[in-house]
Amino acid sequence: MSSLAVSANPFPVIDAPLVPLVGGEEVRYANFDHAASTPCLRVAADAVTALLPTYASVHRGAGYFSQSSTRAYEDARATIGRFVNARPDDAVIFTRNSTDSLNLLARALPADCTVIAFDSEHHANLLPWRNLIRLPAPDSRATAVRSVHEALRFVDGPALVAVTGASNVTGELFPVAEIALIARRHGARVVVDAAQLAPHRAVDVQALGADYVVFSGHKLYAPFGTGVLIGRTDWLDAAEPYLYGGGASAHVGDATNDLRWHTGAARHEGGSPNVVGAVALAAVCESLMNADRAALFAWEETLRTRLADGLTAIPGVRQLHIFGPQAPRVGTVAFTVDGYPADLVAAVLSAEHGIGVRDGLFCAHPLTRRLLTEAGVAPTHSTGCGTTGRPQVVATAVRASIGLGITVDDVDRLIAAVATLAADGPRWTYSLVDGRPGPVPDPRPVA
């Protein structure tokens, strides 16, 4: 195991700090919230440090700093294209994140385009689409393929299938290549939300048969603020620019209608772009391309299996699955603890054990509600007021997600902490603080 552990983390993340516990001691922070945001890799921090002394606005400056930053920005674009094996004529458009990328694409679709997506999608891949056909969350990978085939049979005109590569709730992998094959038979296109997939698996646009792919830097060990949309240019070049302004415009005349827009990536990158974020993301992509990604996956799978098996052994813990416990997935485990609301579980893990997890419905409300119902989890707490002004009592879940920097010791700490809570309850007193459970009193210093 030791040799695998070394090969699985060839580029370190920024060191996890010590965090205070309510009991007075300090422990190394165990970050099981990678599905929301990953820690920053040192290669990203080093790339930013190297760029900062000379960075400037790109593309329109004659000065040395501007020319140097333009080269760095365009080199980053090329690197990220190689990272997903983009086609030579694909556009690589920098955005703020995956949500921004999907909204950009939604704006660029032909007016009569029909979009097909499952209820299991993250809201970012469910809410932006017009002319949307929402399919029920599939109960198997085969059902997912059949459902897309049946839906496309009744679609006339352009169509787009929007599908996640890996569920942000359970980590389970969707059969993207099989869905893309069906889509091509019907003349439809496919966009893959790879926000959860790219940090854990190699994403090959051509091998998957995808027309578009999106992902976020902050889920791929880079800082917040940068995402990408990669894919075919015809719809993108035919659409109005996503952001009107400098950079997107090729010519602005004296008359109101004397206006020409750029084609390619520049058309949708109006304003001064986030050069630092692009360079940081490209540095991570370059490192991952040079790494043994099979070994990385094997190590993460070792940790995920250890976590899933450990939680299974705890009475009262229920894990959530879309396709079943044996379905292939990335390193995410969603679960509940009988008798304890998910937000209280998360608060106890943080305050008493120095462990960070996520709780809630994970911006995938239809899917998570369905999985909780199927698992027999009863509503346990209020999430505030609904449209009637009365509190809404709902069931929610806990999500623990693994990535670089997580160790066997971290996994064992999480299992032990959940077991202690399930058996003995919280060791501290908790009450609502700003709408969420928190330790009362809370002796920890404010960071």
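What follows draws every value from the coordinates through simple rules; no lab data is involved. All figures in this text were calculated on a predicted structure; none of them were measured in a lab. We place every Cβ from the backbone using ideal geometry, glycine too, and count neighbours over all the protein chains shown.
The table for this structure:
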read-out	value
Assigned charges on the beta-carbon of Lys, Arg, Asp, Glu; the chain dipole about Cα centre (debye)	480
For the chain, calculated [θ]222 nm from helices alone, where every DSSP H run of n ≥ 4 adds -39500 (n - 2.57)	-10500 deg cm²/dmol
The chain: angle of helix 293-312 to the longest principal axis, Cα-based, in degrees nearest 10	30
Asp434, Asp338 arranged by Cβ crowding within 10 Å, fewest neighbours leading	Asp434, Asp338
Nearest-ten-degree value, helix 365-374 long axis tilted from longest Cα axis of the chain	30
Length-normalised contact order of region 55-290 in % [C-alpha pairs under 8 Å, at least 6 apart]	25
Positive minus negative residues near Arg370 (Lys, Arg vs Asp, Glu; Cβ under 11 Å)	-2
Calculated on alpha-carbon atoms, Rg and Dmax of region 55-290 in Å	18.0, 58
Cut-off of 10 Å, at most 12 other beta carbons, DSSP loop: longest stretch of the chain lacking such trypsin sites (Lys or Arg not before Pro)	154-447
Overall form of region 236-324 per C-alpha gyration tensor (a/c, 1.5; a/b vs b/c)	prolate
Estimated FRET transfer efficiency when R0 is 22 angstrom, pair Ala78-Arg260 (beta carbons, to 0.05)	0.30
Fewest-first ranking of Asp119, Asp46, Asp193, using other Cβ atoms within 10 Å as the exposure measure	Asp46, Asp119, Asp193
At R0 = 60 Å, FRET efficiency that the Cβ-Cβ distance of Arg436 and His251 yields, to 0.05	0.70
DSSP-defined beta bridges in region 55-290 - what % are antiparallel, rounded to 5	45
Extension reserve of the Asp119-Thr54 stretch, reckoned as 0.36 nm per residue once the Cα distance is removed	18.8 nm
Computed label-point distance, nm, for sites Glu240 and Thr407 using a 7 Å Cα→Cβ extension	5.5
Charge tally in the Cβ shell below 11 Å around Ala278, where Lys, Arg are +1 and Asp, Glu are -1, Ala278 excluded	-2
On Cα atoms only, tilt of 275-290 relative to the major axis of the chain in degrees	70
Rounded to 5, the percent of DSSP beta bridges in the chain classed as antiparallel	65
